[in-house]
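Colleague: Pasting a structure below so you can have a look.
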Amino acid sequence: MRAAALPVLVLVLLLHALPAAAQKRSGYQDAGPQVRAMQDDDAANPGFLWVEQGRAAWQASPPGGPACAACHGEIAAMRGVAARYPAFDPARGVALDLTRRINICRTERQSARPLASEANEMLALTAAIGVESRGMSHRIATDGAMAAVIARGAALFNTRLGQLNLSCAQCHEERAGARLGGAVIPEGHANAYPEYRLEWQTLGSLPRRIRACLTGVRAEPWPAEAPEMLALEAYLAARGEGLAIETPGVRP
Amino acid sequence: MARPLVSIPKSVRRGDIFDIRILIAHPMESGQRRDDSGRAIPREIINRFICTYGGEEVFRAEFFPAIAANPFLTFSVRAVETGMIVMTWTDDLGASQFESAEIIVT
């Protein structure tokens, strides 16, 4: 009995170890040494310009409502939040990413207008909240209501799109590590957003990056608010489970 | 211009060389781009940066349109006396941003 149980136990452990973070490759590892040096040094990482702006916005009261800090306390209390988003909101019956979550707070509690996903104020807040989770494993809930959202995202990830008729998986899984022109194709993980892309010369969100891929395969990009976008964000988070949060990342 | 991120050691030994590293948020609009309706977007860049240490100019930089947004500068200074380090960025609109830090020389 004992002799038989041991190989089973080893097999179970192996199966658990297989999708571990060690085999996943953050885009950081595919970036050049100069770009990695920018990300490693908070004084040289331009993302921290937004982080500082976000920390100030956290304390500031918008007209007609309380500041973020009035309900949530110091921003350090947000440690771990970015690592578990996108998450399901049972009260509203929908899945939310951090951008949507902040906009719900803004409209319902702060009587402020919602912010666009690429607005500087929004990027500043998501960067300031995200940096509190830096180094933690990205680990979102994958059970219950999130399972359906993630499954939808997985289906989209494997669906051929656009005039080039390519799915996300064809580049970011089958050809990850190969080159597209001069650039290494990364595995397409979502652990460093919002991130500073030298190409953009600004901080940008994951939906912005996904839209760039969609126009790249000549598909019609989804707006940032589309449910498809959220499903793909959730799937990417689940797919990159265990990778350390790098917010604000720097990429070429 | 927004508030810059400045990295200067609090104190250094006399005669030692220390690094000043600064990052400032600025679009550095080159003047070469056009907007969606085809009109040229006017140039708006930081064109000058000056750093003084104890009132004496120790570093000056001229910026040109090919410099990326949110420019980062790093340079080295030799510690002589305790004093103020004052940094000034000036852009095409004539707006200036000042930042200062005291360095203690032991």
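Colleague: Along the charge dipole of chain A, which of A:ALA151, A:CYS213, A:TYR196 sits closest to the positive end, that is, farthest toward it, with unit charges on the beta carbon of Lys, Arg, Asp and Glu (+1, +1, -1, -1)?
Modeller: Sorting the options by dipole projection puts first A:ALA151.
Colleague: Ignoring ligands, DNA and RNA, what percent of the accessible area of the range A:25-251 is carbon or sulfur (1.4 Å)?
Modeller: That fraction is 53 percent.
Colleague: Could you tell me the center-to-center distance, by alpha carbons, between the range A:226-252 and the range B:1-22 in angstrom?
Modeller: Here the two parts' Cα centres lie 35 Å apart.
Colleague: How big is the charge dipole of chain A about its Cα centre, in debye rounded to the nearest 20, if each Lys and Arg gets +1 on its Cβ and each Asp and Glu gets -1 on its Cβ?
Modeller: For this selection, approximately 380 debye.
Colleague: Am I reading the B/A interface right? What is its buried accessible area, both sides, 1.4 Å probe, to the nearest 100 Å²?
Modeller: For chain B against chain A, roughly 800 Å² becomes buried.
Colleague: Compute the acute angle (0 to 90°) between the alpha-carbon long axis of helix A:227-239 and the principal axis of greatest extent of the alpha-carbon atoms of chain A; round to the nearest 10°.
Modeller: That works out to roughly 50 degrees.
Colleague: Could you please state how large a percent of the accessible area of chain B is carbon and sulfur, counting protein chains only and using a 1.4 Å probe?
Modeller: Looking at chain B in its full context, I get 49 percent from C and S.
Colleague: Test of the criteria: in the range B:18-98, which trypsin sites (Lys or Arg not before Pro) are in a DSSP loop and have at most 11 other Cβ atoms within 10 angstrom of their Cβ?
Modeller: B:ARG33, B:ARG39
Colleague: Moving to a separate point now. On average, how many beta carbons from a partner chain sit within 10 Å of the beta carbon of a residue in B:16-27?
Modeller: 2
Colleague: Could you tell me the calculated FRET efficiency between B:SER100 and A:ALA37, based on Cβ-Cβ distance and R0 = 25 angstrom, to the nearest 0.05?
Modeller: The formula returns an efficiency of 0.35 here.
Colleague: How high is the FRET efficiency from A:ALA67 to B:VAL58, r the C-beta distance, R0 35 Å, rounded to 0.05?
Modeller: It comes to 0.30.
Colleague: Next question, about the same structure. Within the P(r) computed for chain A, what percentage of the Cα pairs occupies the region above 30 Å?
Modeller: The proportion of pairs with Cα distances above 30 Å equals 29 percent.
Colleague: How many angstrom lie between the C-alpha centres of the range A:36-52 and the range A:170-196?
Modeller: A separation of 21 Å, based on Cα centres.
Colleague: Treating only the Cβ atoms of Lys and Arg (+1) and Asp and Glu (-1) as charged, compute the dipole magnitude of the range B:5-106 about its Cα centre; round to the nearest 20 debye.
Modeller: Using Cβ point charges on Lys, Arg, Asp and Glu, the range B:5-106 gives about 220 debye.
Colleague: Determine the principal axes of the Cα atoms in the range A:131-252, then give the extent along each, sorted from largest to smallest and rounded to whole angstroms.
Modeller: 36, 33, 27
Colleague: Of B:SER96, B:SER37, B:VAL58, whose Cα points farthest to the positive end of the dipole of the range B:31-106 (charges on the beta-carbon: +1 Lys, Arg; -1 Asp, Glu; origin at the Cα centre)?
Modeller: The Cα lying farthest towards the positive end belongs to B:SER37.
Colleague: Say each of B:ARG48 and B:ASP16 gets a label point 7 Å from the Cα, pointing the same way as Cα to Cβ; how far apart are those two points in nm?
Modeller: Distance between label points: 3.4 nm.
Colleague: So for chain A, taking the charge dipole from beta-carbon charges (+1 Lys/Arg, -1 Asp/Glu), which of A:TRP222, A:ILE75, A:ILE245 sits furthest toward the positive end?
Modeller: Of the candidates, A:TRP222 comes out farthest on the positive side.
Colleague: Taking beta carbons within 10 Å but only from partner chains, what does the mean come to for residues A:46-56?
Modeller: Neighbouring Cβ atoms belonging to other protein chains average 3 per residue here.
Colleague: In square angstrom, what is the accessible area per residue of the protein assembly as shown with a 1.4 angstrom probe?
Modeller: 52 Å²
Colleague: Starting at the first residue of the range B:72-78, write each ³J(HN,Hα) from the Karplus equation 6.51 cos²θ - 1.76 cosθ + 1.60 with θ = phi - 60°, in whole Hz, x for Gly and Pro.
Modeller: Going residue by residue, I get 10, 10, 9, 8, 10, 9, 8 Hz, with x marking Gly and Pro.
Colleague: Report P(r) for the range B:63-106: all Cα-Cα distances, bin width 10 Å, range 0 to the bin holding the largest distance, values in whole percent.
Modeller: With a bin width of 10 Å, the distribution comes to 19, 44, 26, 10, 0.
The values are calculated or read from the model by the stated rules, or taken from the named source; none is laboratory data. Because the structure is predicted, anything quoted here is derived from the model rather than measured. Please note: Cβ atoms are built from the backbone with ideal geometry, for glycine as well, and neighbour counts cover all protein chains shown. These accessible areas exclude ligands, DNA and RNA; they are computed on the full protein's heavy atoms, side chains included. Shrake-Rupley method; radii C 1.70, N 1.55, O 1.52, S 1.80 Å.
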